[in-house]
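Here's the structure, in structure tokens; my notes come after.
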Amino acid sequence: MTQHANTHEPSTSTAEFRIQLSSTRRGARLARTLAVQQLTEWWGVPHDSEPVRTVALVTAELASNAITHGRLPGRDFRLMLRLLPQAIRIEVTDTRPDHLPPQSPPGPVPTDADSGRGLLLIGAYVNRWGCTVRDGLTKTVWAEVALPGS
């Protein structure tokens, strides 16, 4: 089930990881690597397990969207991981609150298109996702991946 909402506050988290990264392809790759590292530390599961691959894919897509659609010159993006009771919440905050993701999944994407499938991928892999704007300077796109056994 995918839920997309404009606001949602997570339930109490048990652990958090937060880092600022450069709004570059290198920063997006580092976000993915750090998410995998942190997740395997929290869960104690192998790097190549299904939940870790899902978190890696979702983190990569959210970070890529931040550097593609949410980038302002000289401004970083923030990656935050929250370990919730039944899920891991991935949050990517960028500096373009005026560039919100669409409220509904995009329509069909031509097979030869280089982009346009990211939100479809996220919707297929997560329990729910959304976007929160708390101020005039940033927006946070978040997604929650169920913990194994939840």
| About the Cα centre, charge dipole magnitude for region 15-102 (Lys/Arg +1, Asp/Glu -1 at Cβ), debye | 280
| Each label point is 7 Å from the Cα along the Cα-to-Cβ direction; what then is the distance between the points at Ser22 and Gln37, in nm? | 1.7
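Throughout, read-outs are computed from the coordinates displayed, never taken from laboratory work. Note that the coordinates shown come from a computational prediction; the quantities given were computed from them, not determined experimentally. Positions of Cβ are backbone-derived with ideal geometry, glycine not excepted, and every protein chain shown enters the neighbour counts.
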